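The values are calculated or read from the model by the stated rules, or taken from the named source; none is laboratory data. Being a predicted model, the structure only gives us computed values, none of them experimental. Here Cβ is always computed from backbone atoms with ideal geometry, including for glycine, and neighbour counts include all displayed protein chains. To get the accessible areas, we keep the full protein, side chains included, count just its heavy atoms, and leave off ligands, DNA and RNA. Shrake-Rupley method; radii C 1.70, N 1.55, O 1.52, S 1.80 Å.
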Amino acid sequence: MSIKIKKHSGEVDTFSEDKLRQSLQNAGSKPESVDFVLKEIKPTLYDGMRTSEIYKSAFRLLKKKEYVNASRYRLKKSIQELGPTGYPFEVFISEILKAEGYSTKVGINMQGRCVSHEVDVLAENDKKVLMMECKFHNKPGYKSDVKVPLYINARYHDLNDTWKETGIFGKKKTQGCVVTNSRFTQDAIDYGVCAGMQMISWDYPNHASIKKRANDHLLYPITSLQSLAKRDKVTLIKEGIIVTKSLCENFDLLGMLGYPNSKIQKIITEANLICEI
């Protein structure tokens with residue numbers, strides 16, 4: 001018997017055991033933990049149940065078995081908690097690109113042929129240059145429509161005209177890119193692909209989505225840490241600590257939070273396990 005569930009967008013879909021299993025496996029969960037979560041959740045499902053309810057139940061159950069992997073499982077929520085401004089998300093995307101061999105600059109102004117533009121992330125390696133616009137949303141269910149890639153493509157071409165004239169990047173290939181922590185409408189994807197842009201969302205494209213790249217590089221937002229209070233996550237973000245790996249390299253910063261040594265050690269242990277150090 002199929003169970004109809006309601007997505008954040010309001011769309012109705014059929015519950016997929018395989019999708020839930022895959023999301024738990026992506027977080028590094030052991031097979032026995034995945035089986036435990038599925039066994040406990042399936043009897044509680046009902047028609048009209050929201051995906052957010054299923055997610056919360058899975059997270060709660062996974063915490064009973066695997067504390068650290070539960071932190072990884074809530075990746076999407078952790079990214080949303082980087083807000084309310086979009087800058088921490090831009091840094092998060094920059095960290096992913098760095099892990100892939102790019103040098104990056106965040107929030108820079110560049111002169112185009114017609115006007116100047118603020119570039120969220122400029123990523124460059126020995127063959128390619130990416131002009132990246134980051135669209136951050138801290139509310140679930142939002143989709144970026146076709147107007148977004150239309151606008152960004154126009155900005156990219158204005159900048160690229162200047163890059164060609166000045167030869168600033170030599171013979172490197174340049175490309176416009178739109179990144180969002182939510183999703184795109186199909187029209188947005190169709191236009192972006194046709195226009196030769198990179199379109200990257202939470203789960204698109206399958207081989208290079210934010211979800212896959214973050215898991216591949218073990219890059220998790222500082223907001224993933226369950227041992228940190230919300231106010232202290234905000235403090236660390238203001239200090240420029242956006243991903244857990246950065247905290248693993250700067251544990252001295254925990255001293256300014258006023259925690260006792262026992263609490264600091266708990267945070268360090270969780271962070272190291274997430275970073276797999």
Let's test the formula: R0 of 22 Å, r as the Cβ-Cβ distance of Lys172 and Leu150. What FRET efficiency results, to the nearest 0.05?
0.30
Roughly what angle does helix 147-166 make with the longest principal axis of the chain, taking Cα atoms, 0 to 90 degrees, to the nearest 10?
40
Would you work out the relative contact order for the stretch 1-100, in percent, from Cα pairs under 8 angstrom that are 6 or more residues apart?
26
How much of the pair distance distribution for the stretch 208-277 lies past 14 Å, counting alpha-carbon pairs only, in percent?
56
What residue among Met256, Met110, Met132 shows peak mean-square fluctuation when the chain is described by a Gaussian network model with Cα springs under 10 Å?
Met256
Expected unfolding gain across Tyr142-Val193 under the 0.36 nm per residue rule, minus the alpha-carbon gap, is 16.3 nm
Cross-link pairs beyond the 27 Å C-alpha cut-off, checked among Lys105/Lys245; Lys63/Lys143; Lys6/Lys266; Lys4/Lys143; Lys7/Lys105
Lys63/Lys143; Lys6/Lys266; Lys7/Lys105
Over the stretch 28-101, what per residue volume does the convex hull of the Cα atoms give, in whole Å³?
116
Angle in degrees between helix 261-275 and the longest Cα principal axis of the chain, rounded to the nearest 10:
70
Report the Cα centroid-to-centroid distance between the stretch 138-212 and the stretch 28-98 in angstrom, as an integer.
26
Segment Asp35-Lys6, extension gain: residue separation times 0.36 nm, minus the distance between their alpha carbons:
8.1 nm
Probe 1.4 Å - accessible area at Phe169, Å² to nearest ten
20
Looking at (1) 12; (2) 19; (3) 28, which value of percent of Cα pairs over 33 Å apart comes from a calculation on the structure shown?
(3)
From highest to lowest solvent-accessible area (probe 1.4 Å; ligands, DNA and RNA excluded), Arg213, Arg21, Arg50 read Arg50, Arg21, Arg213
Counting only DSSP beta bridges with both residues in the chain, what percent are antiparallel, rounded to the nearest 5?
50
With a 10 Å cut-off between alpha carbons and a GNM built on the chain, which of Arg60, Arg231, Arg72 moves the most?
Arg231
Would you look at the GNM of the chain, springs on alpha carbons closer than 10 Å, and say which of Lys211, Lys39, Lys245 moves the most?
Lys39
On a 1.4 Å probe surface of the protein chains, which of Val178, Val146 comes out largest in accessible area, and what is the full order?
Val146, Val178
Treat each spin label as a single point 7 Å out from the Cα along the C-beta direction, and report the Phe251 to Asn206 distance in nm.
4.1
Label point distance in nm, Asn272-Glu17, each placed 7 Å from Cα along Cα→Cβ:
3.9
